[in-house]
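Engineer: Following this message is one structure expressed as structure tokens.
Every number in this text was worked out from the coordinates using simple rules, so none of it is lab data. Note that this is a predicted model, so its numbers are computed, not measured. Here Cβ is always computed from backbone atoms with ideal geometry, including for glycine, and neighbour counts include all displayed protein chains.
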């Protein structure tokens with residue numbers, strides 16, 4: 001309990017970066033992406049796989065350079081084309097990394113690409129949400145849904161948990177905890193929506209379904225990270241945050257919620273407001 005409170009205090013500066021947004025949030029996303037990618041690769045190294053961190057860091061930097069040049073109007077290219085170019089370069093670089101066949105294996109190349117797609121690319125959607133004019137404040141919902149789901153699932157599981165959710169992946173998680181996480185995320189999202197979202201964005205069935213599904217997505221992100229850790233034979237990705245392990249242990253849910261919420265904003269929300 002004490003370590004979780006300490007961890008919450010440590011994470012408070014993140015709220016300031018979300019509040020200021022813009023370049024500050026971009027910098028935070030880049031830093032967290034690099035640290036998280038390093039932790040993810042270290043997990044692979046624990047089972048003898050050797051992904052290439054320099055390629056990963058280069059991919060993080062290039063992704064944000066492409067995005068910045070495009071949003072500033074320095075280059076007039078369809079963003080989808082830039083993202084495809086980025087993905088091509090990432091994949092090609094990872095394959096070239098495997099040219100030293102006497103030192104590297106197929107899984108080294110595959111782990112390099114997987115880490116880049118999983119950590120920096122998924123997290124990049126937080127930047128895209130922050131820059132969305134008609135749904136700028138939804139960036140808060142990324143963290144509200146992810147963190148409230150985790151917090152309320154923890155306390156509901158401790159108080160009421162009897163039925164194991166996925167014992168082979170995460171023995172302490174329970175069905176009751178999962179339901180508590182969904183309820184907690186919905187309650188705080190509705191509270192946030194009431195005070196900070198424009199009329200028409202919240203208190204409708206679409207918004208409620210978005211949060212409910214988002215909370216489930218958040219828990220899938222958590223369980224996916226647990227599946228990786230089980231395969232890697234590690235308990236935590238790092239020791240940076242007391243009570244939570246590494247950066248990736250804290251942001252595993254965010255990595256799933258950010259893309260989910262972005263696609264909701266881009267595809268569904270325009271038809272509801």
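Engineer: Of all the C-alpha pairs in region 152-273, what % are more than 17 Å from each other?
Structural biologist: 62
Engineer: Taking the Cα centroid of region 124-182 and of region 228-242, what is the distance between the two, rounded to the nearest whole Å?
Structural biologist: So the separation of the two Cα centres works out to 19 Å.
Engineer: Now, a different point. Arranged by the count of other C-beta atoms within 10 angstrom, fewest first, what order do 250, 158 take?
Structural biologist: Arranged by neighbour count, lowest to highest, 250, 158 become 158, 250.
Engineer: Helix-only estimate, please: 222 nm mean residue ellipticity of the chain, summing -39500 (n - 2.57) across DSSP H runs of length 4 or more and dividing by its residues, to the nearest 500.
Structural biologist: -23500 deg cm²/dmol
Engineer: Normalised radius of gyration for region 2-271, please: alpha carbon Rg relative to 2.2 N^0.38 Å, two decimal places.
Structural biologist: 1.03
Engineer: Further question on the same structure: Taking the mean number of other Cβ atoms within 10 Å as a proxy for protection, how do you rank 254-260, 190-196 from highest to lowest?
Structural biologist: Ranked by mean Cβ neighbours within 10 Å, highest first: 254-260, 190-196.
Engineer: A follow-up question, please. How much length, in nm to one decimal, is gained on full extension between residue 240 and residue 77, taken as 0.36 nm per residue of separation minus their Cα-Cα distance?
Structural biologist: Working it through step by step, the gained length comes to 54.8 nm.
Engineer: When the chain is modelled as a GNM with alpha-carbon springs shorter than 10 Å, which of 71, 149, 91 fluctuates the most?
Structural biologist: Highest fluctuation of the listed residues: 71.
Engineer: Residue separation times 0.36 nm, minus the C-alpha to C-alpha distance between residue 230 and residue 162: what's the value?
Structural biologist: Using 0.36 nm per residue and subtracting the Cα-Cα distance, I get 22.2 nm.
Engineer: Given the options 236, 222, 78, which has the most mean-square fluctuation in a GNM of the chain, springs set between C-alpha atoms less than 10 angstrom apart?
Structural biologist: Sorting by GNM fluctuation, first place goes to 78.
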